[in-house]
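One structure is given below, encoded as structure tokens.
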Amino acid sequence: MKMPQEFSNSKRKGDFMNKENAPVQISLMAIMAALVTVGTLIIRIPNPMGGYFNVGDVMIFVCALTFNPIISGLAGGLGSAVADIIGFPLFAIPTLIIKGLEGFLASLITNKKNAFRDVLAVIVAGSEMIIGYFLVELYALQWGLGLALAEVPGNIAQIVIGGLVGIPIAFILRRRLPEILKH
């Protein structure tokens, strides 16, 4: 069974949200943003820099590999930023941009049909996240090269776990969602 067009990448440019599907798109974005926030806050393992390791990337990748780039970018950015406002406000604005771009890129790259494209999407979007936080920590926060580099392994682990858990969940959702939405 095929994924309804309004949930996956649109074939027509600029057709991510039109009048007919806007309420569904907005609802999906809000639900996914809430799930990203919960995924970010529910498992928080503190790191030496005052931040934390979390599983919010699992939900970002589930969203990105299931829905369109607009839903995924907004859900990833807003959901993660809300979690940072609650837990680590210094990063809220950079997180909005970095995680929003992560969700957008992953959704843009995947074709929502095969595992290779899903893995590629996770690698590219995950690399953007790792580099984004590294640059913020190095230049904007001026933590220095050593401290900014010390954050990289935790971010890599977050992406690896996000992909390992998120890809199978997205695969299941892509198969089951059209059937579920018919009822």
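Of Pro94, Pro46, Pro168, the residue with the greatest mean-square motion in the GNM of the chain, using alpha carbon springs below 10 Å, is Pro46. Our summary gives the chain a relative contact order of 24 percent, counting only alpha carbon pairs under 8 angstrom and 6 or more residues apart.
Shape of segment 30-131 from its Cα gyration tensor (a ≥ b ≥ c, root eigenvalues): rounded if a/c is under 1.5, otherwise prolate when a/b > b/c, or oblate?
Working: a/c = 1.94, a/b = 1.66, b/c = 1.17.
It is prolate, given that a/c is not under 1.5 and a/b is the larger ratio.
Between the DSSP loop rule and a limit of at most 14 other Cβ atoms within 10 Å, which trypsin sites (Lys or Arg not before Pro) in segment 17-99 are left? Before the final figure, lay out the partial values.
Working: sites: Lys19, Arg44, Lys99; in loops: Lys19, Arg44.
Listed in order of number, the matching sites are Lys19.
Rounded if a/c is under 1.5, else prolate if a/b beats b/c, else oblate: with a ≥ b ≥ c from the C-alpha gyration tensor eigenvalues square-rooted, which is the chain? Prolate. Taking the Cα centre of segment 22-174 as reference, the dipole from Cβ charges on Lys and Arg (+1) and Asp and Glu (-1) amounts to some 420 debye.
Tell me, what is the FRET efficiency for Ile97 and Glu179 to the nearest 0.05, using R0 = 25 angstrom and their Cβ-Cβ distance as r?
Values: r = 36 Å, r/R0 = 1.43.
Once the sixth-power term is evaluated, E becomes 0.10.
In the chain, the calculated helix contribution to ellipticity at 222 nm averages -24000 deg cm²/dmol per residue, counting -39,500 (n - 2.57) for every DSSP H run with n ≥ 4. For Tyr52, nonlocal amide neighbours, meaning residues 5 or more places apart or on other chains whose placed amide H falls under 5 Å from its own, are Asn47.
Every number in this text was worked out from the coordinates using simple rules, so none of it is lab data. Small disclaimer: the values here were computed from a predicted structure and weren't measured. Backbone-built Cβ (ideal geometry, glycine too); neighbour counts: all protein chains shown.
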